[in-house]
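Peer 1: Quick one: the structure is below, questions incoming.
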Amino acid sequence: MNYLLIGLVGVLIIQFAVFFGPPYLPTFKAQRKLALDMLDLKPGQTFYDLGCGDGSLLIEASRRGLKAVGYELNPVLATVAWLRTMRHREKVRIVVGNFWKADLSDANGIFVFLAGRYMSKIDRLVTSQVENPIRLVSYGFSIPDRKADVKKGAMFLYQYGQLAPDTQSV
Ligand SMILES: C[S@@+](CC[C@H](N)C(=O)[O-])C[C@H]1O[C@@H](n2cnc3c(N)ncnc32)[C@H](O)[C@@H]1O
């Protein structure tokens with residue numbers, strides 16, 4: 001009985017963000033690389049992972065010379081992400097907070113791994129903030145009523161705003 005209670009509390013701690021968005025489910029290494037390949041950002045540009053989990057995408061982004069920002073609502077996961085990205089501190093920032101309130105004004109590329117019911121809302125969030133051209137890659141879920149510019153497996157790429165001609169070659 002005690003083990004059951006401890007297990008339930010553990011699951012709740014790991015998954016409590018489920019009240020504000022999708023639960024934690026990590027993206028595999030091959031998908032992380034594909035997502036960043038599709039975003040095709042240049043060193044020095046800024047990458048966001050909205051719901052960064054354990055920070056794995058941020059580490060991969062930093063290795064590619066990107067500045068990386070991860071929003072994570074779950075303090076346990078945010079702490080894991082913060083610890084895992086310590087060696088990348090100059091380039092990686094972890095925000096313990098709700099990505100629905102994120103300031104994306106400096107974003108060049110965004111990654112999301114959410115769920116179908118959040119896709120229209122994320123579209124509105126990005127559209128409302130687009131000042132510079134932004135690329136968004138969504139893993140697993142497409143945006144209703146918006147045509148993906150590129151689809152590779154379960155990865156969807158969307159472009160917001162006007163892109164310079166030499167950045168349009170994904
Ligand atoms: C499916 S996981 C993806 C994790 C990571 N991006 C990856 O691909 O490995 C979704 C993450 O979003 C977080 N999350 C859910 N709703 C959130 C919100 N409103 N603000 C910040 N993080 C949130 C969850 O805690 C979880 O870690």
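Peer 1: For the chain, find the longest principal axis of its Cα atoms and tell me its angle to the long axis of helix 119-129, 0 to 90°, nearest 10.
Peer 2: Taking Cα atoms only, the helix is inclined about 60 degrees.
Peer 1: What do you get for the angle between helix 75-84 and the principal long axis of the chain? Use alpha-carbon atoms, 0 to 90 degrees, nearest ten.
Peer 2: 60 degrees
Peer 1: Taking only pairs that are 8 or more places apart or on different chains, how many Lys pairs in the chain have Cα atoms under 14 angstrom apart?
Peer 2: Lysine pairs satisfying the spacing and distance rule in the chain number 5.
Peer 1: Under a plain spin-label model, where a point goes 7 Å from the Cα along Cα-to-Cβ, how far apart in nm are Asp37 and Asp149?
Peer 2: Label-label distance for Asp37 and Asp149, simple model: 1.8 nm.
Peer 1: I need the calculated FRET efficiency for the pair Phe19 and Ser105, taking r as the beta carbon distance and R₀ as 41 Å, to the nearest 0.05.
Peer 2: 0.95
Peer 1: Also, I was wondering about something else. Nearest 5 percent is fine: what portion of the DSSP beta bridges confined to the range 2-167 is antiparallel?
Peer 2: 35 percent
Peer 1: For the range 131-143, what does the Karplus curve 6.51 cos²θ - 1.76 cosθ + 1.60, with θ = phi - 60°, yield as ³J(HN,Hα) per residue in whole Hz, taken in order and with x for Gly and Pro?
Peer 2: 10, 9, x, 10, 9, 10, 10, 10, 9, x, 9, 8, 8
Peer 1: Further question on the same structure: Taking amide H positions as placed in the peptide plane 1.01 Å from N, state which residues far from Ile110 in sequence (5 or more) or on other chains have amide H under 5 Å from it.
Peer 2: Tyr48, Arg135, Leu136, Val137
Peer 1: What translational diffusion coefficient, to the nearest whole µm²/s, does the chain have by Stokes-Einstein, given a Kirkwood radius computed over alpha-carbon pairs, a temperature of 37 °C and 0.692 mPa s viscosity?
Peer 2: For the chosen part, D equals 201 µm²/s.
Peer 1: From the phi angles alone, apply the Karplus equation (6.51, -1.76, 1.60; θ = phi - 60°) to the range 49-57 and give each ³J(HN,Hα) in whole Hz, x where the residue is Gly or Pro.
Peer 2: For the range 49-57, the Karplus curve yields 10, 8, x, 7, x, 8, x, 4, 5 Hz.
Peer 1: As an exercise, use a Förster radius of 35 Å and the Cβ-Cβ distance of Arg124 and Leu4 to find the FRET efficiency, rounded to the nearest 0.05.
Peer 2: Efficiency computed from Cβ-Cβ geometry: 0.30.
Peer 1: Right, another one. Compute the length gained on full extension between Asn132 and Gln159: take 0.36 nm times their separation in residues and subtract their Cα-Cα distance, giving the result in nm to one decimal. Walk me through the numbers before you get to the answer.
Peer 2: Numbers: separation 27, 0.36 × 27 = 9.72 nm, distance 1.08 nm.
Separation in residues times 0.36 nm, less the Cα-Cα distance, equals 8.6 nm.
Peer 1: For the range 98-103, what does the Karplus curve 6.51 cos²θ - 1.76 cosθ + 1.60, with θ = phi - 60°, yield as ³J(HN,Hα) per residue in whole Hz, taken in order and with x for Gly and Pro?
Peer 2: 8, 5, 5, 10, 5, 8
Peer 1: Here is a further query. How far is helix 29-39 tilted, in degrees, relative to the longest principal axis of the Cα atoms in the chain, given as a value from 0 to 90 rounded to the nearest 10?
Peer 2: On a 0 to 90 degree scale, this one is about 30.
Peer 1: In the chain, with Lys and Arg counted as +1 and Asp and Glu as -1 at Cβ, which of these residues, Tyr3, Met38, Leu104, has the Cα nearest the positive end of the dipole, that is, farthest along it?
Peer 2: Final value for the positive-end residue is Tyr3.
Peer 1: Moving to a separate point now. Where in the range 75-146 are there chymotrypsin sites (Phe, Trp or Tyr not before Pro) that are in a DSSP coil and have at most 14 other Cβ atoms within 10 angstrom of their Cβ?
Peer 2: Within the range 75-146, no chymotrypsin sites (Phe, Trp or Tyr not before Pro) qualify (loop, at most 14 other Cβ atoms within 10 Å).
Taken together, the values in this text are just the output of simple stated rules run on the coordinates, not laboratory data. Treat the numbers as computed from the prediction; the structure is a model and nothing was measured. Ideal geometry is used to build each Cβ from the backbone, glycine not excepted, and the neighbour counts take in all protein chains shown.
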